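Trainee: Take a look at the following structure, please.
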Amino acid sequence: MEKQQFAEHDIIKAYGRIISVTILVIVLGVLGYRHFSSIPSLVGQSLAIEHKRLLNILAMVRSQWLSSGRPSSLLLDWDSLASNMQASNQGVTGQDNGANSSEDETDLSNLGFTDNRISLSANGWPLLETENKAGCYRLWHQLLASSTDELSVSYDAKNKICRYMADNNDSVSYQVSSGRVIYFAGGN
């Protein structure tokens, strides 16, 4: 009888271990799912921060424009940062994922970050060098000196609006004619 009790005790221990491992796997699965499902929202939060930075930088540029006597262009002080962006974004084009390239899309190395001079409107708002997607890329890098790797960029020629959109549909739009910046949280 002792052998059977010992065998039953071993079977109960094995079932207990199986149940413990199953519960552990379920808990880890739930935690992993929550972690990996939150990653797209982190990009959106990053875009919200970039939106606030863009607003502050536009205010600084406009203030510098006013204090400089309203010139038609300004040399931005952070040109060395923008020059460094060229190396980190070598070969980045529009976010069409291998689709046929158009004349809008350009290699950032062709944007010439050696001179971070920005043209300004009569009201002191930054203008695009070229009114296309490449101009929007260039404007983002001139003002923020940060990467657009995680963003898709588009240009609405009719309304003269640059739109920078994250994968979770959050977006920042810059209206070239008025200097207006709009953040849209289009989360899932």
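The values are calculated or read from the model by the stated rules, or taken from the named source; none is laboratory data. If you're wondering where the values come from, they're calculated on a predicted model, not measured in any experiment. Reconstructed Cβ throughout: ideal geometry from the backbone, glycine too, with neighbour counts over all protein chains shown. Accessible surface areas use protein heavy atoms only, side chains included; no ligands, DNA or RNA. Shrake-Rupley method; radii C 1.70, N 1.55, O 1.52, S 1.80 Å.
Trainee: Across the stretch 110-146, what is the total count of residues that are within 16 Å of Ile57 (Cα to Cα), modelled with pLDDT under 90 and polar (S, T, N, Q)?
Mentor: The qualifying residues number 3.
Trainee: Return a yes/no flag: does the stretch 46-56 have any residue that is more than 18 Å from Ser146 (Cβ to Cβ), modelled with pLDDT of 85 or more, open to solvent by 30 Å² or more (accessible area, probe 1.4 Å) and not charged (D, E, K, R).
Mentor: No: zero hits.
Trainee: Please specify each residue of the stretch 161-171 satisfying the condition of being in contact with a strand residue (DSSP E or B) (Cβ under 6 Å, 6 or more places away or on another chain), open to solvent by 20 Å² or more (accessible area, probe 1.4 Å) and not charged (D, E, K, R).
Mentor: Once the filter is applied, which keeps residues that are in contact with a strand residue (DSSP E or B) (Cβ under 6 Å, 6 or more places away or on another chain), open to solvent by 20 Å² or more (accessible area, probe 1.4 Å) and not charged (D, E, K, R), the stretch 161-171 yields Ile161, Met165.
One line per residue, one yes/no per condition, for (1) open to solvent by 10 Å² or more (accessible area, probe 1.4 Å); (2) assigned to a helix (DSSP H, G or I); (3) in contact with an Asp or Glu (Cβ under 6 Å, 6 or more places away or on another chain):
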| residue | (1), (2), (3) |
| --- | --- |
| Gly124 | no, no, no |
| Glu131 | yes, no, no |
| Leu139 | no, yes, no |
| Asp149 | yes, no, no |
| Ser154 | yes, no, no |
| Asn159 | yes, no, no |
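Trainee: Residues being free of Cβ contacts under 8 Å to residues at least 24 places away in the same chain and surrounded by 15 or more Cβ atoms within 10 Å (Cβ to Cβ): count how many of those fall in the stretch 172-188.
Mentor: 2
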